[in-house]
Amino acid sequence: MRDPYEVLGVDRKASATDIKSAYRRLAKKLHPDANKNDPKAATRFAELNAAHELLEDEDKRKAFDRGEIDAEGKPRFQGFQGFGGGGANPGAGFGGDGNFESFSFGPEGFTRTTRRGRGAKAGGSGAGGGGFGGFEDILREAFGGGARGARQNFEPEDFGVGADVQAEMSVSLTDAATGATQRLHLPNGKDVDVKIPVGIMNGQHIRLKGQGMAGQAGPGDLLITVSLAPHPIFTLDGADVRLDLPITLYEAALGAKVRVPTLDKPVEIAVPAWTSSGRTFRLKGKGLPAKAGRGDLLATIRIVLPDNRDGELEELMKKWQGEKPYDPRKDM
């Protein structure tokens, strides 16, 4: 994945507020629902969510800045500790006595070749200094060898079924509601097309048989953990979907038919006259599919004043305040 700062378009010294603002702005712009004709929209949106997830976590962000993890949050290779035999003779190769050793794998198993470096004594074993002189012993322990030279050749039965591969995938709320196919790039460089089941929930898994690491007895599986990406206007409450629905002051006072977005296509509801802010309308079956049945969409009214101040409206409110006062907080 690209550098998360580059993905969000912020400086490395950006504050947490700057990062959140940049994410919200780009989430609205790049969300798949706003780019239905762009096949790469889901990929870009997933990349945006991954970048935001890394940078909003203070510990992960510091680890990334120090170079300890990569843009996907995976540990970076830091090199071998004590390479070259420690402080006694750091210029010597693997062995602490100045011998340079190389290892190769062929028909006869692992083979070690020793070349004496400058100042090295003849007959040096290359096993001292705390470096890699004991590499053969490590190999024998790892692969079940006992005495020196025992079982250094690998047999096919040494390798059973390949290991399962773990991966994570961000899925939009719309795709979770309707089902989709999304391409996932794996750490090994391979791309796979993943069919997203209708109604999949946050934290659930998708298993792809035979897409894991290869083995003599067959490949393992690919186990994908799904996270539902934040939506610009919807929030998930179990299988229900919640939405703040802005209306004008005159729509609230006089009543109106109002267009409401849903996970598939917009619908129209009738807002009764004299509707207060905070009133919630339930749209049956417009939520997320689930085993117990499809959830509902809950639209909560939010009365919004005009962007620009209006003198006539202010004068009317002053007159109304004087002639027809009321207290909406009397029961609090």
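Skipping prolines and chain starts, which residues have an amide H placed within reach, meaning under 5 Å, of the one on V271, given they are 5 or more residues away or on another chain?
Amide H neighbours of V271: A256, K257, V258.
Would you mind checking which residues have amide H under 5 Å from I247's amide H? H placed 1.01 Å from N; only 5 or more apart, or other chain.
When sequence neighbours closer than 5 places are left aside, the close amide H contacts are R302, I303, V304.
I'd like the distance separating the alpha-carbon centroids of the range 2-38 and the range 288-332, in whole Å.
The distance from the Cα centre of the range 2-38 to that of the range 288-332 comes to 31 Å.
Calculate what fraction, in whole %, of the accessible area of the range 167-286 sits on carbon and sulfur atoms when a 1.4 Å probe is rolled over the protein chains. Mind showing how you got there, number by number?
Values: 3380 of 6570 Å².
Solvent-exposed carbon and sulfur of the range 167-286 make up 52 percent of the total.
So with the 1.4 Å probe, I'd like the accessible area per residue for the range 189-332, rounded to whole Å². Please list the in-between numbers first.
Details: 9570 Å² over 144 residues.
I get 66 Å² per residue for the range 189-332.
So if I take the alpha carbon set of the range 168-250, get Rg, then get Rh from the Kirkwood formula, what is the Rg over Rh ratio?
Numbers: Rg = 17.1 Å, Rh = 14.7 Å.
A ratio of 1.16.
Note down, for the range 182-327, the three equivalent ellipsoid semi-axes (square root of 5 times each alpha carbon gyration tensor eigenvalue), biggest first, whole angstrom. Kindly include the intermediate steps, with their values, before the conclusion.
Working: eigenvalues 501, 52, 25 Å².
In descending order, the three semi-axes are 50, 16, 11 Å.
Mind jotting down the distance between the C-alpha centroids of the range 179-208 and the range 237-265, whole Å?
32 Å
Where the only charges are on Cβ atoms (+1 Lys, Arg; -1 Asp, Glu), what is the dipole of the range 225-323 about its Cα centre, to the nearest 20 debye? Write out the running numbers ahead of the final one.
Working: 14 positive and 13 negative charges, 115 e Å.
So the magnitude is around 560 debye.
If you take the C-alpha gyration tensor of the range 242-332, multiply each eigenvalue by 5 and take the square root, what semi-axes do you get, largest first, in whole Å? Each step should come with its number before you reach the end.
Values: eigenvalues 215, 47, 20 Å².
Equivalent ellipsoid semi-axes, largest first: 33, 15, 10 Å.
The values are calculated or read from the model by the stated rules, or taken from the named source; none is laboratory data. Quick caveat: nothing in here was measured; it's all calculated off a predicted structure. Note: ideal-geometry Cβ built from the backbone for every residue, glycine included; neighbour counts use all protein chains shown. For accessibility, only protein heavy atoms count, side chains too; no ligands or nucleic acids. Shrake-Rupley method; radii C 1.70, N 1.55, O 1.52, S 1.80 Å.
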